[in-house]
Amino acid sequence: GAGVSQSPRYKVAKRGQDVALRCDPISGHVSLFWYQQALGQGPEFLTYFQNEAQLDKSGLPSDRFFAERPEGSVSTLKIQRTQQEDSAVYLCASSFQLADSEVSYEQYFGPGTRLTVT
Amino acid sequence: SQKIEQNSEALNIQEGKTATLTCNYTNYSPAYLQWYRQDPGRGPVFLLLIRENEKEKRKERLKVTFDTTLKQSLFHITASQPADSATYLCAPGNAGNMLTFGGGTRLMVKP
């Protein structure tokens, strides 16, 4: 079956431009996560959806970052007025994980979108 | 605040040897810990999950230990192969909550 897909794979934006990054999770996965990964670092949590509800957005670095998952499947991460410090790989992951579950499930990651802000 | 430490220096070993990677955490009491493998240009891939009441878990050539007293997990790859060369990420977590990833350790297995 298909895994998590992300588009575009690469995005170059001029400083000040808005960008939209798309994530198609594995069908049936309730939870969806966005991470930001700087070069040589581990992924850092940005936000989490359970179905269409955004349960945690504590990792979003500023109000220029916005994520949505309106129908509980595809998600979009939008960055407004991009800055050079936004340059990173943006990873999306999906999982069976439920916020109130005591069972832990692995996350399935997409290939990421590499954003370069010039 | 929570801190997860993995050796940021690359680990270079000879093919056939056992690779041991360390994950230490502070200000944290995770109920479980996950290990992932990441190849360049790709997203992380899940390898193993170990719970706080499990001391050790094995999967083929992989072995993970979890010492909640030392606040440490060790990840072992026995009979290492060049194809095992990658970055390995540890991610402690609590049920239902988000994973917090360490910075990863790059493993290089030389033939």
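The values are calculated or read from the model by the stated rules, or taken from the named source; none is laboratory data. On a predicted model such as this, the values are computed, not experimentally measured, just so you know. Using ideal geometry, Cβ is built from the backbone for each residue, glycine included, and neighbour counts are taken over all protein chains shown. To get the accessible areas, we keep the full protein, side chains included, count just its heavy atoms, and leave off ligands, DNA and RNA. Shrake-Rupley method; radii C 1.70, N 1.55, O 1.52, S 1.80 Å.
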ask   = Residue by residue, what Karplus-based ³J(HN,Hα) values in Hz, rounded to whole numbers, does segment A:64-74 have, using 6.51, -1.76 and 1.60 with θ = phi - 60° and x for Gly and Pro?
value = 7, 9, 9, 10, 8, 8, x, 10, x, 10, 4
query = Can you give me the pair-distance distribution of the protein assembly as shown, C-alpha pairs, 5 Å bins, whole percents?
reply = 1, 7, 14, 18, 19, 17, 12, 8, 4, 1, 0
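If N is the number of residues in chain B, what value comes out of its Cα radius of gyration divided by 2.2 N^0.38 Å?
1.01
For peptide A:34-44, compute the average count of partner chain beta-carbon atoms within 10 Å of each residue's beta-carbon. Walk me through the numbers before you get to the answer.
Working: counts 0, 5, 0, 6, 1, 0, 5, 5, 15, 12, 2.
Mean partner shielding for this stretch: 5.
Could you work out, residue by residue across B:59-71, how many beta carbons of other chains sit within 10 Å of that residue's beta carbon, and then give the average as an integer?
Numbers: counts 0, 0, 0, 0, 0, 0, 0, 0, 0, 0, 0, 0, 0.
Average neighbour count from other chains, rounded to a whole number: 0.
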ask   = To one decimal place, what Kirkwood hydrodynamic radius in Å is obtained for chain A from all pairs of distinct Cα atoms?
value = 14.2 Å
task = Can you figure out the FRET efficiency of B:Thr68 with A:Leu55, using R₀ = 25 Å and their beta-carbon distance, to the nearest 0.05?
result = 0.40
Probe 1.4 Å, protein heavy atoms only - accessible area per residue of chain B in square angstrom = 50 Å²
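With charges only on Cβ, +1 for K and R and -1 for D and E, what is the dipole size of the protein assembly as shown about its Cα centre, in debye, rounded to 20?
Numbers: 25 positive and 23 negative charges, 131 e Å.
Its charge dipole is roughly 620 debye.
From other protein chains only, count the Cβ atoms within 10 Å of every residue's Cβ in B:27-38, then give the mean.
Details: counts 0, 0, 0, 1, 2, 2, 1, 4, 1, 5, 0, 6.
Mean number of neighbouring Cβ atoms from other chains: 2.
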message = I need to check one value: relative contact order of chain A, counting alpha carbon pairs closer than 8 Å and at least 6 residues apart, in percent.
response = 36 percent
key: Estimated buried accessible area (total), pair A and B, 1.4 Å, Å² to nearest 100   = 1500 Å²
